[in-house]
Each structure stands twice: as structure tokens, then as C-alpha cells.
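Working notes for the structure below.
Nothing in this text is a laboratory measurement; each read-out follows from the coordinates by a stated rule. None of the values given here were measured: they were computed from a predicted structure. FYI the Cβ positions are ideal-geometry reconstructions off the backbone, even for glycines, and counts take in every protein chain you see.
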Amino acid sequence: MDPSRKRVIRLTVALSAALLLATALIYVSFNAGRDELTASQLLSRAHPGGTYILAGTVLDGSVHQTGSTLVFSIRDPKQHLAVPVRYSGIVPDPFAQGRAVLLDVTDRGGTFVGQANSLTTKCPSKYQAASGSYN
Amino acid sequence: MVYVIVLVILFVVVFVITTPLRRGSEDDPESADQETAQAAPDVLELEAQRDAKYREIRDAELDHQTGKLSDEDFQAVDSNLRAEAMEILRRLDRARAGDR
Amino acid sequence: MALLGRTLLLLGLAISLYGIGASIYGARARRREWVASGRRAVYALAGVMLTAFVLVEIAFQRNDFAFNIVAQTSSTTLSTFYKLTAPWSSQAGSLLLWVMLLSLWSSLVLFATRRRLREIAPYATAVLMGFATFFDGLACFAANPFATAAPTRVPTQGAGLDPLLQHPTMMFHPPMLYSGYTLMAIPFAFAVGALITGRLGSEWIRDTRRFALAAWLFLGVGITLGALWSYTELGWGGYWGWDAVENAALMPWLCITAFIHSIQIQEKRGMLKVWNVSLILLSGTLAVFGTFLVRSGVLDSIHAFGASTLGIPFVALLGVMILGSIGLVVLRRPALRSENRLDSLLSREAMFLLQNLVLVAMVFVIFWVTLFPLISQALTGTKVSVGPPAFTPFVVPLALILVALAGIGPIISWRRATRANLRRNFIFPGGLAAVVLILVLALAHATSKPLAIAMWALGAFAIGTVLQEFYRGTAARRAITHDAWPVALGSLVRRNRRRYGGYMAHLGISVLLIGVAASSSFQHSRDVVLRPGQSARVDGYRFTYLRPTEAATASKIQFGAILRVAKGGSHVTTMHTTRGYYPSTDFTTGVIGRFFAGEADSSVGLDAGVARNLWAVTSANPQPLSGYINQGNRYFSTYLSSVMGKLSRLPRARQSQFLSQYYSYRDAAVAGIARRFVTHTWPVEFLIIVAPLVTWIWVGAGIVALGGLIALWPVPALAWRRSAAVYRARLARELA
């Protein structure tokens, strides 16, 4: 085989591999991805029995422990609105009021119950909002 | 007190930075001492190529010793590399001669 | 002192701008004295930034709460060690650390190349000083580490360092990461210089290759320390969570890994020049992008981006870097033409090329999935979470190919390889892989995890090739020198540092990935609630909750548990895990309640072994004590308000005497309540994980780092000149 044809073949193989990877990636991310809702989006979209990903910051002064259940509210980053959540399971160390968190919640007819061990928090060391902003 | 420290630091910084300017290019010790400093950029480039080639010859020898290159492959690769190295050395000689 | 610091930052900015101007003018006008002056500006900047950083450290050691960053991230109760590490826990301190490290590394490279790279170096100096201008500018105007509070509003006590950051790895993890990032700016800058001047030959690569390797080493060590911190401090039991900040560091590391391989093809064959400059420009851009992801908070929410003072400048810098890089590469395309062609697909060049493609694909996957929430939010208004499950179907197969290539690469020669030789070299490692495969299938009943098993077999193959290489190299050396084995091995490695350092890195990465595959596929974890005396079974181990523990100090209340672990009736180990609570600054939680309501951190009970790790963490919390706490809150606040009237009429000295008495009673009450935790038998929740081969992840990373150090260690100039002289003499003979 002459070298120029070989090069064309190699290039074609490489490009089709790249194309395949890109397609799979886009397909997976759109299919496996689930909406990460803010508090206001959750309130407008939730139906009883449905499970959603709720993201936001823990409202100051909202964290209480009752029995083995942790009760706290998650604040909408843009609006003066917060959703109370009941959660039991492992609480990651960085969890604290004012921290950004993410968890799976199920709508149990008006109250939102967090799924066990679904609570994750953002790394505490990294991002610092300029004071007063990011509300 | 702070102003004194700031002034001292400023003085040191300005002194360090302007030293080459005050000396001028003629008696800059950094450019005047070694042969490499006198060499034209082409020479330096060729020297880098030569070093890489030496390294490559050594790698091929080690590959041969550890059984990754068969004897005849090694002969072929080695003579190629040597030819390339000689070409670089010739160009290096020419560049040095032209530089003087 | 704050004034001095602010002045130093401004002075640094002036020096950086001067350095850019002097270097470019010197290069354009061919005035060497201006170039030298620009280079000295970098040294001066390093001195000034180091001084500024020392000032910050002094402020922390002196508890100077007039400094905002000291008040926000330190306190008088913080130990000296953590006061040393606290500066880089804040935005402003991190930026200062960035500039300081950049100026130090830049000084080092410019000093090392002061007599070489005469045309490229001035432009590289200008680029490096450009980075310094940017980060110093941010430190001056957006997040100033020397910002102070008004004299009347200086707090007497600081807010304290986040307890999660009070971990030994935090001494080294951030400086290592930032060293990696800033070192990556160096080959980036020289690549830009080479593109501008059009001097794209071997010289700039020879002189900056070592810095690329150093960037790779430091960033890798930084990433590993972060994983270790996550495993031992965060209380979720993992070492890698595909978190955005982890990915931010991993992407440039993968990219620079590709570069330090493919650069060898350019050195040896003059090929892939466009690819190599693109890779290094991409690595540098990803390093700044990583800093941007971490520092701007853009991934927490797209809204944080607008709110953060750092977002817009970073995007501008990234835009300049990306557009400038593309422009330069396109401009110099004719000069970047390949001098050679790939001789054969069965050569080390071809393997490197394939490895490069796999690594770049990996970077692309990680980039896409990490940024997908942002992309979706920009497109549809709703953030879409993809999470860790989206990474594995792509990253795991790519990692398998990489490990296979890590095995094949060392046994295949440059330029061309004959099949017969290759077969001969395959026997031992291939056999080792087969043995491992059979053993795992026969002993571990692990057929359900084909990918993990494939990783073990391929890892064994790669380890086999490296061992074989060391053996053959040493044997060949012995044939010449007749030294003893260890002596021959030592001199072999010493004479071929790059080659054998690289092989060690392959060995280490294989060990590491074997550990990752085993611990992620075969870990058993259980979430259990136990009362003292009760036990739970995890993967054949019996964990018995013996008794609760408690320790109360002024700065922290710890609740813990002693766990006894047994297997098959025989004692394995006893471990202690605690959860500590720090006082809250929120006074609405009550006089007593405040001490139980602050931030918490875990101390993990860990029994690390060769074959498996036993890991347990308790989430013991003060909830059962809430009755006592509420009672205490009521009692103390009622008492204080009842005596308030009387207290205000007392002289000052008596007042403070009274208050200190009151506080000591309060502290005694807190300690007393905390002690109830051990006198009762409340149920406590535990997370227990039994995972195999975790230790080998750290061992593997250590081997990689050692390999990197060996490859990086400078060859004594004399030794190199001597060996070069031998070749010169031989070639001269042939020339004649």
C-alpha cells in the first residue's frame, strides 16, 4: 500500500473513533443526566412520589436534629425561598449552614424526604464568594 | 519606619534591575565569559540536536543489549543514527566556522 | 505592616509590567542589556513576592486580626503548624501563593537558561511576567491579602480555620498543586516564545523539558495528597469523587503526561511539532482553567460566576491564551512541518501516539462531563447533573488501554520492531498476566467484575515488562562491568535516569490502578446503627461497638466510639473513631447549645493492611443530649438576665471577675453535659467500609513520584560531557 493511502486510512480511523466517542458522550450525558433543581424549580415541578435532585445552600439557622433525622432547609440561590428537607443517613463533614449541598429528595405529599446517603457537599476550601454577593 | 523599609526595598529592586543597563552591553559579564555565550543561536540549536542524537544512539544501544532490537535491526538503526549525527556535526562545524 | 504589604504588591505589579516591556523591547531592538534587565526583574519579583508572603505568615503567627484574612481563617487557639498553612486557605492568600511560586520557578528557569535560548527567553519572560501581572493584579485589586479592618473594628478573636483543613496533608497539598500549575506556565511561556521567534527546533525543548516533568511530578503529588486527605478526613470513605476541583487538577496532569511522552518523538525524530506545541499550550491553558474553576466558583452555580470578582478577568485571560495559542500555531504552521514520517505502526513512536490520543480523549471526556451542568444550564436554564456514573463508562476503558500501552511501550523499540523480538519480549509479562488472571478467576470468584479483572491482568502485564526491563538492563550492564547485581542496577539507573525513571512511573501507575480497580469494585460498605455491645458483620469481619468515648476542650467537643474488629472469632484490631464539634459563632443556638452546634469533623478509625483496609467512621451527634442542653441554655440565660441589673452597677474589675466565674461554670456545664454521652447507651450510626488493596494506591503513587524524581534528577554536567565526548570521538573516527 502506498504511504499516502495509508495515511488517509489512519486519519479516517482516528476521526471515526473520535466521532464515535463524542456521540456516545453527548448521548450519555443527555440521557443519564438528571435535572439539578433549585428550590423554586422543585416547588413548581414536584409531583408526589417523584424523586429529584435538589441543589442550593443550607439556610442559616435551619439545621435541627430530631431523633436520627436531620431537618434543614435548602435556599434558592436567586430568590428568598427555601425548601425544608428531612434527611437521615451519613452527613458529610463539610455539611454546615451556608454551605452548598446537593441531595436526592422524594416528594411525599408536600414534605421532601432526602434519600439516605445522597447528601453531598461542595469542597469547603475552594470557592469564596465576595462577601454579600452570591445570594 | 515603613517608609524607610519601602525606600530600601525600592532602592534594592531598582539597583538589581538596572545593573545591566548601567553596565551597557559591552562589558556584560554574562555575555562575555563563555564560548557558548558567544555562539550564534544556530550553534546552540545544533548542539541541542547533537545532544538529542547522542542520547538516541545510547538508547538504541541499550535496546539492543536488552534484546529489543535484533542484531540486523540494530545495525540498520545504528548506522542511520550515526549518519544523522555526523550530518549534525558537519553542520555544527560549518556554523561555528561561519560564526567566527 | 499591612501598608508595607500592599506597597510590595503594587511594587510587584510595577516590576512585572517593566519586565514585560524591557524583555520585548530588548528582543525587538536586539539590546541584550534590556533583556538582561527584564530577566533580573523576574528575580526582583521573586524577592518582593517572597517578602510579601513572609509578611502574611508573620501576621498569622502574631494573631494580627487587623488583617482580614487572619481574622477569617485563624484564631489564637490554632496551633503554630496550622497557622503556617492557614494563609492558603483563603482566596487572597492562594493568589499570593500563586504569584510567589510562579516568580520563584520563573527565576529558576531563567537563571538556568541565562546563557542559552537567547531569542526565545525574552518572549518567555514577557509571557511569565504577563501571568504575574494578572495574578498580582487580582491580589492587588480583587482579593488583597493585606486588606485590613478599621482600627475600631478589629476583632479580638478570629473565626478559626475550617476544621476540615486542619489536616497534615494541607501543609503540602495546596503548595504542590500550585507548584504544578505554575511550573506548567514555564513550558507554556517558552512554547509561545518559540512560536513568536519561529525557532521551533530542539533547543527550547531540551531546556524546558525538565520543567514540564517537574510540573507533572508536583501536580501528581498534589493530586495524590488531596485524595489521601479525602480518604482520611472527609468521612465518606472515598479517595476520588470526580468532583470538579479534582477534575480541574487531573485534566492538566493528563495533558502534560501526554506531552512528556510525545516530546520524545520530537526530540528523536523531529515529528509531531504541531501536536507538541498544541499539547503544551493546552496544558498551560488547562492549568489556568483549573485555577479558574476552583477560584471563581463557576461550577457551584452559573450565578456565582457573575458574583465572583474573579470570574470575568479569568475568562478574559483564558480567551487571550486560547485565541493567542491558536493564532500562533496557525501562523507558524510552515515551520512546524514534520521532518520525518512514522516508519512503522509497530514502533515506540506509534505506541506513544496512540497513548497520546487516549490521554487527550480522556481529557476531553472529563472536560465535557465536568462542564456539562454548566453547558446545560446555559442552554436550557436548568442545571443537569451527570455525576460520577457518567465518567466511568468512558474513563475505565480508556484507562485499560493506557495500562496496556504502559506495558507494551517499554518493550518495543524506537523506529521499528520486529515481530520475533516482540514475541520474545512478551513471554514473561504475558505469562505473568495469564497467571494473575487464572489466580483471580479461580480464587476470588470475581467474574462479575470483568473490567476490574482486565485491569489486574493488564496491570500485571505492565509490571512484568518493567521488571523484565530492569532485569535485562542490569544483566547487560553486568556483562560489561562484572559488578554485583545491586551495584549494576544502581549504575544502570544512574546512567539512564530518564528511561528507568519512566519505567518506574509505569510500574507505579500500574500498581495504583490495580489498587483503584480492586478497592472500587470489591469494597463492602454498610451503614449501621449500633448500641454499645451490639455488632455488625461486613465482608466477614465482625465490628463490635464496645463503648462510647468523649473528650471536651474549650475549642472542640469529641464524641467517639471504640470498635473491636474480629474475624472468624480471632481478634483483628481495635479502632477508635470520633466526631468533633466546634463551637458555633451563632449565639441564637444558646449559651450551652452553641458548643454543640458548630462545624463538625470526623476522625476515621482505620486499619490499613497489605491486602485490605478496614475503615469506620461514626456520626455520633449531640442529639440525645438535647434535653440537657436546652435545660442548660435556660438556666444560664435566666441567671445572667436576673443578675444583669446588679452586675452593671459593680465596678469594672468586679464585673470581669464575675464574668470569668460565670464562664468557668458554663464550661463546666458543657463538659458535664458532654460526659453524659459516655454514661448512657444511646444508639450511634456508623459507616463501615472493608476495601481491598487501598494501601497500594498510595504505594503506587509513591513509586510514580520516585520514578519522576529519578528522571528529573539532573545528570551531573561532567558525566554528560564525558559520555558525549566518547560519542564525539567515535564519530570523529568514522568521519575521518
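Taking the range A:57-118, which chymotrypsin sites (Phe, Trp or Tyr not before Pro) meet the DSSP loop condition and have no more than 15 other C-beta atoms within 10 Å?
Hits after loop and neighbour filter: nothing returned.
I need the Kirkwood Rh of chain C: take the reciprocal of the average 1/r across all distinct C-alpha pairs and report it in angstrom.
29.1
Can you bin the range C:621-736 into rounded, prolate or oblate? Criterion: square roots of the alpha carbon gyration tensor eigenvalues sorted a ≥ b ≥ c, rounded for a/c under 1.5, prolate for a/b above b/c, oblate for the rest.
Note, shape of the range C:621-736 comes out oblate.
Any idea how far apart A:ALA17 and C:SER570 come out in nm if each label point goes 7 Å out from Cα toward Cβ?
5.0
What is the set of long-range amide H partners of A:ILE90 at a cut-off below 5 Å, with H atoms built 1.01 Å from backbone N?
Here the answer is A:ASN117, since their amide H atoms fall under 5 Å of that of A:ILE90.
With a 10 Å Cβ neighbour count serving as the proxy for reagent exposure, in which order, fewest first, do C:PHE259, C:PHE81, C:PHE134, C:PHE428 appear? Walk me through the intermediate numbers first.
On the way: C:PHE259 30, C:PHE81 12, C:PHE134 21, C:PHE428 17.
Listing C:PHE259, C:PHE81, C:PHE134, C:PHE428 from fewest to most nearby Cβ atoms yields C:PHE81, C:PHE428, C:PHE134, C:PHE259.
Rounding to the nearest 20 debye, state how big the charge dipole of chain C is about its Cα centre with +1 on each Lys and Arg Cβ and -1 on each Asp and Glu Cβ.
It works out to roughly 2200 debye.
Where in the range C:495-532 are there chymotrypsin sites (Phe, Trp or Tyr not before Pro) that are in a DSSP coil and have at most 14 other Cβ atoms within 10 angstrom of their Cβ?
When the chymotrypsin sites (Phe, Trp or Tyr not before Pro) of the range C:495-532 are filtered for loop state and at most 14 Cβ neighbours within 10 Å, nothing remains.
Dipole size in debye (nearest 20) for the range C:1-130 around its Cα centre, Lys and Arg Cβ +1, Asp and Glu Cβ -1? Mind showing how you got there, number by number?
Working: 13 positive and 4 negative charges, 152 e Å.
It works out to roughly 740 debye.
With angles folded into 0 to 90 degrees, how steeply does helix C:626-648 sit against the dominant principal axis of chain C? Use alpha carbons for both and round to 10.
Here the helix axis deviates by roughly 70 degrees.
Using only Cα atoms, tell me the angle between helix A:3-32 and the longest principal axis of chain A; keep it within 0 to 90° and round to the nearest 10.
20
Only four residue types carry charge here, +1 at the Cβ of Lys and Arg and -1 at the Cβ of Asp and Glu. Report the dipole size of the range C:322-381 about the Cα centre in Debye, rounded to the nearest 20.
160
Taking the DSSP beta bridges in the protein assembly as shown as the whole, what percent of them are antiparallel, to the nearest 5?
Restricted to the protein assembly as shown, the bridges split so that about 95 percent are antiparallel.
If I model a spin label at C:LEU659 and A:VAL8 as a point 7 Å from the Cα along the Cα→Cβ vector, what separation in nanometres do I get?
My value for the distance between the label points is 8.8 nm.
Given 0.36 nm per residue, what is the gain on full extension from C:ARG676 to C:TRP485 after removing their alpha carbon distance, in nm?
In short, 62.4 nm is gained.
Hey, fewest Cβ within 10 Å first, where do C:TRP720, C:TRP698 land in order?
Values: C:TRP720 14, C:TRP698 18.
Result, fewest neighbours first: C:TRP720, C:TRP698.
Taking a quarter of the surface of the convex hull around the Cα atoms of the range C:483-597, what do you get in nm²?
Taking a quarter of the hull surface, the average projection is 14.5 nm².
Quick one: if the Förster radius is 45 Å, what FRET efficiency do C:ALA719 and C:LEU84 give, using the C-beta to C-beta distance and rounding to 0.05?
E(calc), rounded to 0.05, equals 0.70.
Have a look at C:ASN633, C:ALA566, C:ASN63 and report the one farthest towards the positive end of the charge dipole of chain C, computed about the Cα centre with Cβ charges (Lys/Arg +1, Asp/Glu -1).
C:ASN63
Which order do the peptides C:213-221, C:14-22, A:97-105 take when ranked by the mean count of other beta-carbon atoms within 10 Å per residue, highest first?
Ranking the peptides C:213-221, C:14-22, A:97-105 by packing returns C:213-221, C:14-22, A:97-105.
Please report the relative contact order for chain C, taking Cα pairs under 8 Å with a sequence separation of at least 6, and give it as a percent rounded to a whole number.
Details: 1187 pairs, mean separation 72.9, N = 736.
Relative CO of chain C lands at 10 percent.
Which distance in Å, rounded to a whole number, links the C-alpha centroids of the range C:565-603 and the range C:392-459?
Result: 45 Å between the Cα centres.
What is the range C:136-288 by shape, rounded, prolate or oblate, if you read a ≥ b ≥ c off the alpha carbon gyration tensor as root eigenvalues and call it rounded for a/c under 1.5, prolate for a/b larger than b/c, and oblate otherwise?
It is oblate, given that a/c is not under 1.5 and a/b is not larger than b/c.
Taking only the C-alpha atoms, wrap a convex hull around the protein assembly as shown and report its volume per residue in Å³ as a whole number.
Expressed per residue, the convex hull around the Cα atoms of the protein assembly as shown is 198 Å³.
Beyond a 29 Å Cα-Cα separation, which of these cross-linked pairs lie in this structure: B:LYS53/C:LYS273; C:LYS83/C:LYS556; B:LYS68/C:LYS273; A:LYS6/C:LYS273; C:LYS449/C:LYS567; A:LYS78/C:LYS83?
Going by Cα-Cα distance, A:LYS78/C:LYS83 fall outside the 29 Å limit.
Could you tell me the center-to-center distance, by alpha carbons, between the range C:669-707 and the range C:623-660 in angstrom?
Comparing the Cα centres of the range C:669-707 and the range C:623-660, I get a distance of 38 Å.
In what sequence, highest mean first, do C:99-105, C:88-94, A:113-119 appear when ranked by Cβ atoms within 10 angstrom?
Top to bottom by mean Cβ count within 10 Å: C:99-105, C:88-94, A:113-119.
Output the 0 to 90 degree angle, nearest 10, between the alpha-carbon long axis of helix C:311-331 and the longest principal axis computed from the alpha carbons of chain C.
The angle comes out near 10 degrees.
Give the average, rounded to an integer, of partner chain Cβ atoms located within 10 angstrom of each Cβ in C:35-42.
Taking all residues of C:35-42 together, the mean is 5.
Show the residues, 5+ positions off or on another chain, whose built amide H is closer than 5 Å to the amide H of A:GLY56.
Result for A:GLY56 returns A:VAL101.
Taking each residue in A:29-39, count the Cβ atoms of any other chain within 10 Å of its Cβ, then average. What number comes out?
Mean shielding by partner chains, rounded to a whole number: 6.
Provide C:LYS268, B:LYS68 in ascending order of the number of other Cβ atoms located within 10 Å of each residue's Cβ, fewest first.
Numbers: C:LYS268 21, B:LYS68 26.
With the fewest neighbours first, C:LYS268, B:LYS68 line up as C:LYS268, B:LYS68.
With the cut-off at 1.5 for a/c, could you classify the range C:317-416 from its C-alpha gyration tensor as rounded, prolate or oblate? Before the final figure, lay out the partial values.
Numbers: a/c = 4.38, a/b = 1.35, b/c = 3.24.
Here the range C:317-416 falls in the oblate category.
For every other residue with a beta carbon closer than 11 angstrom to the beta carbon of A:ALA46, add +1 if it is Lys or Arg and -1 if Asp or Glu, then tell me the sum.
Spelling it out: positives minus negatives among the neighbours equals +1.
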